[in-house]
Amino acid sequence: MRCTTIGLRPIPRRDVSEADRGLPDGRLLLGLKGTISELELHTIRGRLTAGLLSKAQRGELALQLPAGLVRDSSGVVTKDPNQEVQDRVVLVFDSFGQLRTARKVARALRERDLALPRNDRHDEVYWARPTVAAVTSMLKNPAYGGAFAYGRSRAREAALPTGRQTQVRRPDGACRIMVRDRYPAYVSWATHEKIQAMLRDNRADYMHLQTRGVPRNGTALLHGITWCGECGHKMMVRYKGASHYVCNHLHRQQGVPVCQGLRAARIDARVAAAFLEAVKPAEMDAWSAARSAERQAGSALRHAEAQQVEWLRYQATLAERQFNRVDPDNRLVAAELERRWEAALVELRRAEAALAQRDGEACDAGSVTLDGTCQRL
Ligand SMILES: [Zn+2]
């Protein structure tokens, strides 16, 4: 159908002047131009996204790297040449293997004043106080398992009146594109997956995930691993008076009477006896394995502390050199540099004293006899 037959005529190619904006022709032209520009923008964005995804599929997209990995000018990713950074990353993973919760790893590091390497937006390393969130984010990062992961979070429309999008993590470490063996790994992929399973299991979110939850303090032996024979739900431990294993899931959900409650002492005694009977032949092996694992974890922490002291010593020497180099008549600068030198020395002395004290404690602990440890085991 020709335009003329329905009463339309082509719009001449020209810009819309101030005077035209009030006329029907001018307004039509403006509307069309706006729609075409919007379409162009959409096409450009689509092409850019396709290019980005294709690069991600090949694992070549220069994503931000976690501490411990660096990208050189040619785009090749290697481990950070700073041995202290490397060792601290390894220490986090080793400690998690021993302690099994991110909270305990963060606490162990904090107790020894060991900082955690983190990368800022420009991939520069800085040392931060170890928090549970930081440790968890390291443990969850697939880059340490050698994998390139793109799209670990997705955009979600915010419920805010501004309508701005927010980023939310995809559940269970899922991501849009995953390419394995792209980076030098700190842990094997199998270990990475095992760690993710442990982290998931640690969440005491029985209602949604039905996991065991992390073992907590208390005398009951079977905390988190007792399941009701009547209804099949996980039993809670009640420490009011004597310890009890109580099945109150349906009671809490539906208000029906408590399913069953059993005194913990007798069950625990039977379970402990059965366990000790079963492990008797392997007792010595288990003891030596436990001791060797404990020694290994201790020496890794000791090594990290020694590295930190070494770094503080370097900082103090650097501050001293800067102070010696400044013109003494330049008093303002000299005073500031002297203050920094003193602060660095105080920090160094404190770290050295803490290390020496810890070494002394380790010697005392080492005098525990084999019998005593066997008994405890
Ligand atoms: Zn029950």
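The values are calculated or read from the model by the stated rules, or taken from the named source; none is laboratory data. As the structure is a computational prediction, the values presented were derived from the model and not from experiment. Every residue, glycine among them, receives a Cβ derived from its backbone with ideal geometry; neighbour counts consider all protein chains shown.
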- Task: Note down all Cβ pairs under 8 Å where the first residue falls in segment 205-231 and is under 14 Å from R263 (Cα atoms), the second is more than 16 Å from the ligand (Cβ to nearest atom) and modelled with pLDDT under 85, and they're at least six residues apart or on different chains.
- Result: T219/Y239; A220/Y239; H223/P215; H223/R216
- Query: Inside segment 103-122, can you point out the residues that are farther than 22 Å from A362 by Cα, in a helix (DSSP H, G or I) and modelled with pLDDT of 90 or more?
  - Reply: none
- State whether the residues of segment 315-328 include one that is outside any helix (DSSP H, G or I) and surrounded by 15 or more Cβ atoms within 10 Å (Cβ to Cβ). yes
- Selected residue (only one of L41, L114 is more than 17 Å from P184 (Cβ to Cβ) and exposed (fewer than 12 other Cβ atoms within 10 Å of the Cβ)): L41
- Note on the structure: Among helices (runs of 4 or more DSSP H) entirely inside segment 205-287, those with 1 or more residues being at pLDDT 80 or above and small (G, A, S) are 264-279
- Item | Residues of segment 297-326 classified as closer than 13 Å to R358 by Cβ and either touching a residue at least 60 places away in the same chain (Cβ under 8 Å) or among the β-branched types (V, I, T) (or both), total | 8
- Residue count, segment 228-253 (criterion: within 19 Å of A274 (Cβ to Cβ) and either away from the ligand (no atom under 11 Å from the Cβ) or under 31 Å from the mean Cα position of the chain (by Cα) (or both)): 2
